[in-house]
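Just so you know, all these numbers are worked out from the coordinates, no wet-lab data involved. What you see is a predicted model; the values in this text were computed from it and never measured. Using ideal geometry, Cβ is built from the backbone for each residue, glycine included, and neighbour counts are taken over all protein chains shown.
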Amino acid sequence: MLLAVENLSVNYGAIKALRDVSFAIDEGEIVAVVGHNGAGKSTLLRTISGLLKPVHGAILWKDTNIAGKSAEQVVRLGISQAPEGRQIFAESSVYENIEIGAYVRHDNEEIQKDIQRYLERFPILKERKNQKAGLMSGGEQQMLAIVRALMSRPKLLLLDEPSLGLSPVIIKEVYKTISEIRKAGTTVLLVEQNAKKALDVSDRAYVLANGEIVLSGLSAELAQNQEVKKAYLGG
Amino acid sequence: MDWYYFCRQLINGLSVGSMYAMIAVGYSMVYSILYLINFAHGDLYIFGTFLALALFNFGLPLPAAMILGAILCGLIGVGIERVVYRPVRTANRIVPMVGALGAAMILRTIAQVNWGASQIVYPSLMKNRVIKLGADFQINSQNIVILAIGIGCVAGFTFLINCTKIGKATKCVMQDTHTSSLMGIPINFIIPMVYLFGGFLGTIGGVLMSSYYSVINIEMGLWGTCKAWAASQLGGVGSFYGAFLGGIILGVTESLAAAYLDSAYKDAIGYIIIVVILLVKPEGLFGKKKAVKV
């Protein structure tokens with residue numbers, strides 16, 4: 001197992017945001033966690049990333065418990081996140097945003113190569129590399145947020161609602177990119193309200209409701225599950 | 001219109017403005033990271049200015065005393081951040097604000113016990129020379145030096161923030177601390193650095209100011225706070241260059257108002273201009289409008 005979460009509970013003030021959540025990801029997988037707004041999806045990713053501290057439970061990264069480590073330490077271990085709502089540095093240029101993603105790395109030549117490679121892959125970022133990132137459209141910002149997260153060369157990429165607020169055409173583009181990322185060797189943990197898209201792209205999935213995992217299985221099977229269809233796929 | 005007179009007043013205003021600016025920068029940067037009005041900043045920089053005076057009386061030349069005092073003051077700022085602000089960083093903004101007032105009171109009391117509450121004559125940083133540029137056009141070398149130090153600070157800051165890794169990281173922390181830590185940026189190193197920088201520049205500004213007016217008084221902390229806060233509001237809170245330009249504009253306006261109206265109107269005119277600008281452009285001249293998710 002690359003990452004195994006065991007009996008994880010997290011409180012958000014007085015609210016129990018996650019209760020005894022357990023799941024695991026193998027190397028090379030795309031795993032999705034789907035659920036409605038407020039189910040605890042972002043809390044889950046924020047806890048794995050070290051922005052929130054769990055009340056109890058373990059987060060095993062290659063068999064070592066990393067629960068309670070700071071966000072700075074977690075990135076250095078090889079877990080990187082593109083957060084909900086993209087959170088690009090709006091006042092910095094597109095190029096600076098990409099560059100800062102490699103903050104934990106010191107191999108400057110390789111960093112430059114990676115930047116060039118991503119700029120070639122995403123011509124829109126190349127075209128706008130000297131513009132303020134906040135001036136780009138939502139879809140462009142999402143691509144930038146993903147590229148920025150990839151710049152640390154993570155083994156595991158956490159994606160929080162990459163389709164949020166984007167048009168169907170752009171969502172398709174984003175999801176194509178997610179498949180490419182896996183092909184290039186990065187494991188992906190994806191959190192989505194857009195269950196249809198998430199189940200399409202992922203190998204396995206978990207359904208999170210009110211802070212608990214209520215269903216799990218192969219994504220293709222979950223997509224056929226009557227309950228899932230009714231609750232998350234619009235009948 | 002007497003152009004020589006105007007130019008003299010303009011240079012005077014520019015140099016006073018760059019002193020305001022150096023004090024304002026500390027406010028503005030701390031605010032943009034933590035949304036905290038750091039009330040302790042005024043008492044901190046005047047404390048540093050007193051420290052520089054103490055070091056001077058100890059036998060150091062004033063420029064060296066200024067730099068050493070600025071470093072010490074920066075370190076005190078780091079200490080205040082660690083002890084007073086960091087434990088309540090995620091609390092309601094009222095909490096660190098009260099903490100800031102407490103820290104200000106402590107600094108002020110220590111300064112008062114050590115150096116007294118009355119005005120003290122401050123040594124001048126350099127001998128003022130009158131530079132003659134024509135029959136009736138002359139400028140003071142002091143103004144030029146102050147202005148040069150101000151420009152030097154901007155240039156130094158621009159280099160640091162755009163060309164060094166730690167500077168680029170600071171730029172990100174100023175925009176969003178959570179996302180910065182997701183990038184692996186050590187925010188608990190960067191934030192104290194901002195306090196160090198703010199305290200350092202503030203003390204440089206304070207020493208220049210005190211030696212320019214030849215006086216220091218514990219009340220100048222509060223006075224400087226008002227000027228600096230006004231300057232950073234004017235330029236747009238959260239923007240380094242905004243704070244700097246805000247300080248310059250305030251200084252120039254005050255000097256010209258004093259020269260052409262009456263020196264008694266000096267302070268009032270500065271604030272009137274600020275009110276007018278903020279009515280027209282509430283985010284300040286160079287401020288950024290932030291989209292906040294609610």
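For the reader, a short list of remarks on this structure follows.
- Calculation over all alpha carbon pairs of chain B in 10 angstrom steps from 0 returns a P(r) of 7, 28, 35, 22, 7, 1, 0 percent.
- Chain B: most fluctuating residue of B:Gly235, B:Gly167, B:Gly251 per GNM, C-alpha cutoff 10 Å: B:Gly167
- Within the shell of other residues whose beta carbon sits under 14 angstrom from the beta carbon of A:Asn225, the net charge comes to +2, with Lys and Arg scored +1 and Asp and Glu -1.
- Relative contact order for chain A: 27 percent, from Cα pairs under 8 Å spaced at least 6 residues apart, divided by residue count.
- Treating each Cα of region A:89-154 as an identical point scatterer and summing with the Debye formula, the log10 of I(q)/I(0) at q = 0.16, 0.18, 0.20 Å⁻¹ comes to -0.44, -0.56, -0.69.
- Residues B:Val113 and B:Phe58, FRET efficiency given R0 of 22 Å [Cβ-Cβ distance, rounded to 0.05]: 0.75
- Angle between chain A longest axis and helix A:168-183 axis [Cα atoms, degrees, rounded to 10]: 90 degrees
- If you wrap the Cα atoms of region B:1-106 in a convex hull and average its projected area over all directions, you get 9.1 nm².
- Value of Rg/Rh across the protein assembly as shown [Cα atoms, Kirkwood radius]: 1.07
- The convex hull of the Cα atoms of chain A, projected and averaged over all directions, covers 12.3 nm².
- Using C-alpha pairs below 8 Å separated by at least 6 residues, the relative contact order for region B:21-218 is 42 percent.
- Distance cut-off 16 Å, percentage of C-alpha pairs in region B:57-104 lying past it: 51 percent
- Take each residue of peptide A:69-75, count the partner chain Cβ atoms within 10 Å of its Cβ, and average: the result is 5.
- Placing a label point 7 Å from the Cα of B:Lys165 along the Cα-to-Cβ direction, the residues of region A:85-100 with a backbone N closer than 14 Å are A:99-100.
- Helix A:138-150 vs. chain A, principal-axis angle (Cα, 0 to 90°, nearest 10): 90 degrees
- Span-like helix ranges in chain B, DSSP H, alpha carbon extent 27 angstrom or more, Kyte mean at least 0.0: B:3-34, B:94-115, B:141-163, B:187-213, B:240-260
- GNM flexibility winner over chain A from A:Val94, A:Val75, A:Val55 (Cα, springs under 10 Å): A:Val55
- Helix A:108-121 vs. chain A, principal-axis angle (Cα, 0 to 90°, nearest 10): 80 degrees
- Intensity falloff of region A:41-181 expressed as log10 I(q)/I(0), Debye formula with alpha-carbon point scatterers, at q = 0.09, 0.11, 0.16 Å⁻¹: -0.27, -0.41, -0.85
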